[in-house]
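Below is one structure; the comments refer to it alone.
What follows is calculated from the coordinates using simple rules that are stated; it is not laboratory data. Model, not experiment: these values are computed from the prediction. FYI the Cβ positions are ideal-geometry reconstructions off the backbone, even for glycines, and counts take in every protein chain you see.
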Amino acid sequence: MKVKFLIPLVLFVVLVVFLAMGLSRDPQEIPSPLINKPAPAFEIPQLSETNQTFSPASMKGQVWILNVWASWCVACREEHPVLVELARSKVAPVIGLDYKDKREDALAMLAKQGNPYLLSAFDANGRVGIDYGVYGVPETYVIDKAGIIRFKHIGPITMNILNLKIYPLISELQKS
Amino acid sequence: MKSILLITLCVFSFSLSFAKDAAPLADDPVIEQRLISISEEMRCLVCQNESLAGSRSDLANDLRREIRTLIKEGKSDDQIRSFMVERYGDFVLYRPPVKPITWLLWIGPFVILLIGIAGLLTYLRRRNNAVTNIALSDDDNKRIDALLNNQDEKKAL
């Protein structure tokens with residue numbers, strides 16, 4: 001008989017657990033359907049070498065990082081030192097995808113804040129971004145030797161994410 | 001008369017300045033109609049409470065342009081929908097598809113409703129059994145009548 005009085009309490013606890021789970025989640029972070037799928041192919045001009053193009057196919061055989069950025073994106077500026085650190089560690093090449101930007105603005109930003117990218121592809125109209133499901137710059141992808149996307153992070157990456165997720169993943173992918 | 005003209009002119013130029021902001025329409029109204037019917041069923045990823053049709057964000061503009069191109073290429077609505085889902089996941093759809101991971105979402109409310117009905121029925125049945133019928137004697141009936149009549153008289157006063 002006593003158990004009956006506990007039912008509302010149990011229901012309340014269940015409700016609190018669900019609400020707590022819902023509140024601790026970031027609604028901006030949507031699981032990408034692209035994880036474990038081949039990185040979409042493209043071939044677009046580079047940011048600084050305008051007469052040369054970049055295509056993900058040229059990165060086959062190595063683990064690499066694709067970072068979507070833009071000079072107009074404030075969060076990218078916040079993320080920039082972390083990317084510079086990542087580039088300095090030389091664990092994997094970092095390719096930039098300059099998303100819907102003006103060439104001179106983008107080059108000015110790199111000149112001012114340092115250039116962590118091996119090279120940047122210049123996605124002027126955002127068409128490549130659509131194929132990669134970009135909706136909030138910056139976004140970062142880790143792509144394996146076979147050209148499969150293994151990890152995606154939406155929003156600025158932090159040292160924490162770098163150390164806890166990206167570095168371990170890269171060294172694991174490089175072994176295979 | 002002059003002031004009326006001035007006001008009309010102001011209002012008119014005001015609406016003109018807004019007209020600039022509207023999304024460019026395709027030349028073909030049929031395509032535009034299809035674009036609206038498809039994009040109304042999709043969520044804008046930047047401003048998540050708005051549909052792709054209603055959003056003015058840059059990405060929504062780009063995606064509408066993309067859908068317009070796909071329509072012109074002769075793609076079916078389903079093909080366009082899967083184009084979007086491949087890139088942004090089921091999240092872009094306002095109506096989530098029925099599949100194992102969404103079963104709870106679809107049938108959960110009905111399950112809770114059934115639990116509620118079952119609980120209510122057992123409660124009512126139990127309460128029904130708890131109330132025992134008391135047989136009234138003639139004496140009791142007389143006393144009840146007396147009390148009721150007494151009250152009627154009071155009311156009449």
* Calculate how many DSSP beta bridges within chain A are antiparallel, expressed in % of all such bridges and rounded to the nearest 5. => 60 percent
* Structure fact -> Applying the gyration tensor rule to the Cα atoms of the range A:25-176 (axes a ≥ b ≥ c; rounded if a/c under 1.5, else prolate if a/b exceeds b/c, else oblate), the class is rounded
* **In the range A:1-56, trypsin sites (Lys or Arg not before Pro) in a DSSP loop with at most 11 other beta-carbon atoms within 10 Å** => A:Arg25
* Structure fact -> Taking A:Val84, A:Val14, A:Val137 and counting other beta carbon atoms within 10 angstrom, the fewest-first order is A:Val14, A:Val84, A:Val137
* Which longest run of chain A has no exposed loop site in it, a site being GluC sites (Glu not before Pro) in a DSSP loop with at most 14 other beta carbons within 10 Å, and the site itself not part of the run? -> A:50-176
* To do: Write down the percent of antiparallel bridges among all DSSP beta bridges whose residues are both part of the protein assembly as shown, to the nearest 5.
  => 60 percent
* Asked: Per-residue mean of other chain beta-carbon atoms within 10 angstrom of the beta-carbon, peptide A:31-42?
  -> 2
* Structure fact -> Residue-ordered couplings for the range B:95-107, obtained by feeding phi - 60° into the Karplus form 6.51 cos²θ - 1.76 cosθ + 1.60 and rounding to whole Hz (Gly and Pro as x), are 9, x, x, 7, 8, x, 6, 9, 4, 4, 4, 7, 9
* Structure fact -> Between B:Lys75 and A:Glu29, Cβ-based FRET efficiency (R0 25 Å, step 0.05) works out to 0.30
* Per the Cauchy relation, a quarter of the hull surface: what is the mean projected area of the convex hull of the alpha carbons in the protein assembly as shown, in nm²? -> 38.2 nm²
* Rounded FRET efficiency, nearest 0.05, which uses the C-beta distance separating B:Ile115 from B:Asn150 and R0 of 35 Å -> 0.10
* Using Cα pairs closer than 8 Å and at least 6 residues apart in sequence, work out the relative contact order for the range A:35-175, in percent. => 33 percent
* Find, among the trypsin sites (Lys or Arg not before Pro) in the range B:27-89, those assigned to loop by DSSP (not H, G, I, E, B) with at most 15 other beta-carbon atoms within 10 angstrom. => B:Arg56, B:Lys75
* Asked: If you keep only loop residues by DSSP, which trypsin sites (Lys or Arg not before Pro) in the range A:82-135 have at most 11 other Cβ atoms within 10 Å of their Cβ?
  -> A:Lys90
* Counting other beta carbons within 10 Å of each Cβ, put A:Cys76, B:Cys47 in order, fewest first. => B:Cys47, A:Cys76
* Mean-position separation - Cα centroids, the range B:100-148 and the range A:149-176, in angstrom -> 59 Å
* Report, in deg cm²/dmol and to the nearest 500, the calculated mean residue ellipticity at 222 nm for the protein assembly as shown, where each DSSP H run with n ≥ 4 adds -39500 (n - 2.57) and the sum is divided by the residue count. => -16500 deg cm²/dmol
